[in-house]
Amino acid sequence: MNKRDLIFILGIAILLIAVVSGFELVLRGVPEAAPVIDNLSLAPSLTVRSRSNVRAGDSTDFPVVAKLEVGVTAAILGISRGSAGWYYIELPDGARGFISPDIVTADGDLTNLPTIDPASQSATATPAPATPAAATDDAAVTQVATATASG
């Protein structure tokens, strides 16, 4: 067997390996991957269309709990019982409140959202730091009384 025959046999072997190991993909095309279903895309959410206030209740009579810029998204947790049907939302930072449906674009399945009573949803106030208790040490009171009497 000469060098030329060896190269010919080697070429055929490479071609056979290519056909067996995937060369046929080039001839048939790559099989289509199964579509990925993202369950999060079905979760109700909204996108803010204009600068907006998030409020403690479902009308402009309630105090503002957050301000949102255009393009911010939030999860919709429910719809208020009021006639306006404001969305009860959770912001990315965990804050919650109500926003008018007129200034947002809602996405996802809204049909099974719970009805929320704004009166039952109250903003969580940050507790005030404890103030130091007044001095009740008898010795300290005695020293103050003695200093005042003598002086």
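The values are calculated or read from the model by the stated rules, or taken from the named source; none is laboratory data. For clarity, every value in this text was computed on a predicted model and none was experimentally measured. Note: ideal-geometry Cβ built from the backbone for every residue, glycine included; neighbour counts use all protein chains shown. Heavy atoms of the whole protein, side chains included, go into the accessibility calculation; ligands, DNA and RNA do not. Shrake-Rupley method; radii C 1.70, N 1.55, O 1.52, S 1.80 Å.
So is ARG81 touching an Asp or Glu at 6+ places or on another chain (Cβ under 9 Å), within 22 Å of ARG49 (Cα to Cα) and either β-branched (Val, Ile, Thr) or at pLDDT 75 or above (or both) or not? Steps first, please.
Numbers: touching an Asp or Glu at 6+ places or on another chain (Cβ under 9 Å): yes; within 22 Å of ARG49 (Cα to Cα): no; either β-branched (Val, Ile, Thr) or at pLDDT 75 or above (or both): yes.
So ARG81 fails the test.
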Seminar exercise, completed: Just one listed residue, out of VAL70, VAL65, is open to solvent by 50 Å² or more (accessible area, probe 1.4 Å), in a strand (DSSP E or B) and aliphatic (A, V, I, L, M), and it is VAL65
Exercise. Within the range 28-63, restricting attention to residues that are among the polar types (S, T, N, Q) and modelled with pLDDT of 75 or more, which residue is nearest to the chain's Cα centre (by Cα)?
Worked result: SER45
